[in-house]
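Comments concern the structure below.
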Amino acid sequence: MEIPDELYREVILDHYRSPRHHGKMEKPDVLEWGKNPLCGDELELYLTVNGDKITDLKFDGKGCSISQASASMMTEAVVGKSLAQVKAIVSDFKGMMMEGKPADALPDDLEDAKSLEGVQKYPVRIKCALLSWNTLLEALKKLESRKAA
Ligand code: ZN
């Protein structure tokens, strides 16, 4: 299936201009920061976790359109999911960005995120696209180390 670049740009711009789950959270269960010094992207990620589920999350930050749009797509893909599902989703997305896994093979949860497939062609921008997803993984690690303690 060929989707013209035009459509990709539309989806990315839409998330950049109207980011989902954007803002700060008063009392998050986890707060994690992420930075991509190469581009100057910064991200704060707030999670509310109930039992095994991410029931709510928000992000705030600044940076290029790829990093901010990707963060918005990430929040939509993982909200309401169990931690195991979230890890699988992040792994699928990273598989596309880093290992060239075809976007068509990704689950529907990553529908909008598939539009970032073209970013693969620009190695410098891959870090922009991955920032929020890696920050989410760090947040989950924090959560797990807390549970283990
Ligand atoms: Zn960037």
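The values are calculated or read from the model by the stated rules, or taken from the named source; none is laboratory data. Treat the numbers as computed from the prediction; the structure is a model and nothing was measured. Cβ sites come from the backbone with ideal geometry, for glycine too, and all protein chains shown count toward neighbours. Please note that ligands, DNA and RNA were not included when accessible areas were found on the heavy atoms of the full protein model with its side chains. Shrake-Rupley method; radii C 1.70, N 1.55, O 1.52, S 1.80 Å.
Would you mind counting up the charge near LYS35? Only other residues with Cβ under 9 Å from its Cβ, with Lys and Arg at +1 and Asp and Glu at -1. All intermediate terms of the calculation are to be shown ahead of the outcome.
Values: positive: none; negative: ASP41, GLU42.
My count for the surroundings of LYS35 gives -2.
How big is the chain by Rg and Dmax over its Cα atoms, in Å?
Over the chain's Cα set, Rg and Dmax evaluate to 14.5, 49 Å.
Give the cross-link partners of LYS142 among the aspartates and glutamates, using a straight C-alpha distance below 15 Å as the criterion and excluding same-chain residues fewer than 8 apart.
ASP29, GLU32, GLU44, ASP52
To test your reading of the geometry: what angle, between 0 and 90 degrees and rounded to tens, separates the Cα axis of helix 5-17 from the longest principal axis of the chain?
Approximately 30 degrees, to the nearest 10.
How tilted is helix 83-99 with respect to the longest principal axis of the chain? Cα atoms for both, answer in degrees (0 to 90, nearest 10).
So the helix axis and the longest Cα principal axis differ by about 30 degrees.
Shape verdict for the range 101-149, please, from the Cα gyration tensor: rounded (a/c under 1.5), prolate (a/b greater than b/c) or oblate.
Working: a/c = 3.75, a/b = 1.83, b/c = 2.05.
It is oblate, given that a/c is not under 1.5 and a/b is not larger than b/c.
Over the range 29-149, what is the percentage of antiparallel beta bridges among all DSSP beta bridges, to the nearest 5?
On the way: 17 of 17 bridges.
In the range 29-149, approximately 100 percent of DSSP beta bridges are antiparallel ones.
If one takes the longest principal axis of the Cα atoms in the chain, at what angle in degrees, from 0 to 90 and to the nearest 10, does the Cα axis of helix 65-78 lie?
Helix 65-78 and the main axis of the chain meet at about 60 degrees.
Enter the accessible area per residue of the chain (Å², integer; probe 1.4 Å; all protein chains in place). Show your work: numbers first, answer last.
Values: 7830 Å² over 149 residues.
Accessible surface, normalised per residue, equals 53 Å².
May I ask which of LYS27/LYS62; LYS24/LYS62; LYS27/LYS127 have a Cα-Cα span longer than 23 Å here? Please list the in-between numbers first.
On the way: LYS27/LYS62 21 Å; LYS24/LYS62 13 Å; LYS27/LYS127 29 Å.
Cα-Cα > 23 Å for LYS27/LYS127; rest within.
I'd like the carbon and sulfur percentage of the solvent accessible area for the chain, probe radius 1.4 Å, heavy atoms only, ligands and nucleic acids excluded.
Numbers: 4070 of 7830 Å².
Carbon and sulfur together cover 52 percent of it.
What residues qualify as long-range amide H neighbours of ASP29, i.e. H under 5 Å apart, gap of 5 or more or another chain, H built at 1.01 Å from N?
Amide H to amide H, under 5 Å and 5 or more residues apart or across chains, ASP29 pairs with LEU47, THR48, VAL49.
Determine, for each peptide in 73-80, 128-135, 142-149, the mean count of other beta carbons within 10 angstrom over its residues, then list the peptides with the highest first.
On the way: 73-80: 22.5, 128-135: 24.2, 142-149: 10.1.
Answer by packing, highest mean first, reads 128-135, 73-80, 142-149.
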